[in-house]
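Report on the structure given below.
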Amino acid sequence: MVKHFRELRVYREAFDAAMRIFECSKAWPKEERYSLTDQIRRASRSVCEQIAEAWRKRRYISHFRSKLTDADSEAAETQSWLEFALRCGYITRESFDELDAVYEKVSGGLVNMMANAEQWCISSNQVREDGVEYELTEGLTYPRTHTPTNPGENDPFVTTAR
């Protein structure tokens, strides 16, 4: 059972892809800093942020679906920016194909979550605690942040700009 948004496959895959985009975009031309570089980084990160927000809004199916729809839209925007990066020669065809496939998979997962929102959402009888006093819990933990595999110089998504 998933207890935190960081445990969601769609979140982890989107996060890894956003980090790959961040790494490879470091080498893009300076003149792209405030356009392509900024936009693709924002869109790719926003996929993760919208998934996290959806997770916290799962008390209400319509809010949950709305945030997942936003995440799906950001994934599509990221794919569009990836195509610009490819056509401008900032990423290889191989990198484009791999990242594009990740976002297709993420999108499919988001659509599946939207279609089956009832199984993801908290029912009202699970959140109701009439008369319960709350205390601060010292040992409350959440899953650690996700660490991407093999970041850095051996990353096939990192290329130099031409």
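The values are calculated or read from the model by the stated rules, or taken from the named source; none is laboratory data. Note that the structure is a prediction, hence the values are computed from the model and not measured. Quick note on the areas: whole protein, heavy atoms, side chains included, nothing else; ligands and nucleic acids left out. Shrake-Rupley method; radii C 1.70, N 1.55, O 1.52, S 1.80 Å.
Couple of notes before you dig in:
- Calculated accessible area for region 1-109 comes out at 51 Å² per residue, all protein chains present (probe 1.4 Å; ligands, DNA, RNA ignored).
- In this structure, the amide hydrogen of ARG59, modeled 1.01 Å from its nitrogen in the peptide plane, lies closer than 5 angstrom to those of ILE122, counting only residues at least 5 positions away or on a different chain.
- Taking each of LYS67/LYS105; LYS30/LYS105; LYS3/LYS105 in turn, the alpha-carbon distance tops 27 angstrom for LYS30/LYS105.
- With every protein chain in place, region 31-90: carbon and sulfur % of accessible area (1.4 Å): 45
- Taking a quarter of the surface of the Cα convex hull of region 31-72 gives a mean projected area of 2.7 nm².
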